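A quick write-up on the structure given underneath.
The values are calculated or read from the model by the stated rules, or taken from the named source; none is laboratory data. Everything numeric in this text was worked out from a predicted model, so none of it was measured. Glycine gets a Cβ as well: all are built from the backbone with ideal geometry, and neighbour counts include every protein chain shown. Calculation scope for accessible area: heavy atoms of the full protein, side chains included, ligands and nucleic acids excluded. Shrake-Rupley method; radii C 1.70, N 1.55, O 1.52, S 1.80 Å.
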Amino acid sequence: MDAYPFCTVEFDELPDGDGRLLGIDITSPSASAVWPAYNKLWARITAMMLRSGSPVLLLCPLTPDEWASATEDGGVPPDAAWARLDCADEDRRARLAPRGWGPDRIQDAIEDAEELRLVVDREFTTSGRASSEVAAAVADWITGDTAPEA
């Protein structure tokens with residue numbers, strides 16, 4: 001495994017395997033009322049990691065507007081460079097169905113991806129690419145070594 005000069009974290013790292021954080025299931029749609037607070041928590045965690053002086057790659061489901069809202073109370077850098085990890089809709093269906101996602105939930109994920117495509121131009125596609133190739137392209141983008149690849 002290659003070491004990169006930045007920290008990588010993902011929104012799903014904090015909850016337990018059952019989707020709970022501090023005893024609250026925050027991963028189900030019924031928990032949407034607590035999602036803004038969870039977003040703010042990640043904004044604060046990101047600010048703490050940025051104190052090291054190294055870039056932070058935060059993998060999350062937020063839009064730029066949701067990040068701006070999470071950082072609006074100050075103390076947290078609102079600036080972020082945005083990119084999408086994306087895949088073709090047929091790949092998304094093929095990946096989510098074995099995880100037990102039903103047709104409605106998969107369709108919601110496809111619609112969410114389409115919405116994000118409208119607001120985040122930079123894309124790193126995972127369709128037809130090895131995960132190591134995608135990771136290397138993202139790392140090059142973060143470190144400024146090369147222009148991003150689609």
### Query
Any idea which residue in segment 115-128 is farthest from residue 140 (Cα to Cα), counting only those that are loosely packed, with under 11 Cβ neighbours inside 10 Å and not hydrophobic (A, V, I, L, M, F, W, C)?
128
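Across segment 83-100, what is the total count of residues that are open to solvent by less than 60 Å² (accessible area, probe 1.4 Å) and either under 18 Å from the mean Cα position of the chain (by Cα) or closer than 20 Å to residue 117 by Cα (or both)?
Filtering segment 83-100 down to residues open to solvent by less than 60 Å² (accessible area, probe 1.4 Å) leaves 83-84, 86-89, 91-92, 96-97.
After this cut, where a residue has to be either under 18 Å from the mean Cα position of the chain (by Cα) or closer than 20 Å to residue 117 by Cα (or both) as well, the list is 83-84, 86-89, 91-92, 96.
So the count comes out to 9.
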### Message
So, in segment 98-108, how many residues would count as being assigned to a helix (DSSP H, G or I) and either of a type in the set (Lys, Arg) or closer than 22 Å to residue 10 by Cβ (or both)?
### Response
5
### Message
What pairs come out if I take residues in segment 104-123 that are without any contact (Cβ under 8 Å) to a residue 40 or more places away in the chain and pair them with residues that are among the acidic types (Asp, Glu) and in a helix (DSSP H, G or I) whose C-beta lies under 6 Å away, six or more apart or interchain?
### Response
110/89
### Task
Check residue 54 against each of (1) touching a Pro at 6+ places or on another chain (Cβ under 7 Å); (2) closer than 27 Å to residue 117 by Cβ; (3) small (Gly, Ala, Ser) and name the one condition it does not meet.
(2)
## Note on the structure
Picking from 133, 115, 111, the residue that is of a type in the set (Asp, Glu), within 19 Å of residue 8 (Cα to Cα) and over 14 Å from the mean Cα position of the chain (by Cα) would be 133
## Note on the structure
Apart from one, (1) over 24 Å from residue 28 (Cα atoms); (2) open to solvent by 60 Å² or more (accessible area, probe 1.4 Å) all hold for residue 55; the odd one out is (2)
### Query
What are the residue pairs meeting all of these: first residue in segment 39-56, first residue farther than 17 Å from residue 143 by Cα, second residue in a helix (DSSP H, G or I) and among the polar types (S, T, N, Q), Cβ atoms under 8 Å, and 6 or more apart or on different chains?
39/69
